[in-house]
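These notes concern the structure reproduced below.
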Amino acid sequence: MLSLEILDPFDTFVSKKYNNKPGYGYNFFTKEWTYNCSSCGEDLDAPNRKTMTKIRLYHTRNECLGGY
Ligand SMILES: [Zn+2]
């Protein structure tokens, strides 16, 4: 469990870079991170912030191509 809390420098950089990105939210009821894609309006969710960023990047790069 503890290893999940350790971020390598690149992941830390990515987390900081996207930490204040619009569209991100945290659902306290389901304890999941949410992201509303500003390009296609689709709602994405993930169990943690780090996974949310990966899902968001995958979505924008491979699914709706928002911002690219
Ligand atoms: Zn999208």
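Details
For every residue, the table says whether it meets (1) modelled with pLDDT of 70 or more; (2) surrounded by 13 or more Cβ atoms within 10 Å (Cβ to Cβ).
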{"site": "LEU4", "(1), (2)": "no, no"}
{"site": "PHE10", "(1), (2)": "no, no"}
{"site": "LYS17", "(1), (2)": "no, no"}
{"site": "LYS21", "(1), (2)": "no, no"}
{"site": "ASP43", "(1), (2)": "yes, no"}
{"site": "LYS50", "(1), (2)": "yes, yes"}
{"site": "ILE55", "(1), (2)": "yes, yes"}
{"site": "ARG61", "(1), (2)": "yes, no"}
{"site": "TYR68", "(1), (2)": "no, no"}
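- Residues that are more than 8 Å from the ligand (Cβ to nearest atom), assigned to a loop (DSSP other than H, G, I, E, B) and not polar (S, T, N, Q), drawn from segment 31-64: LYS31, PRO47
The values are calculated or read from the model by the stated rules, or taken from the named source; none is laboratory data. Since this is a predicted model, take the numbers as computed values, not measurements. Neighbour counts are summed over all protein chains in view; Cβ atoms, including those assigned to glycine, are modelled from backbone coordinates with ideal geometry.
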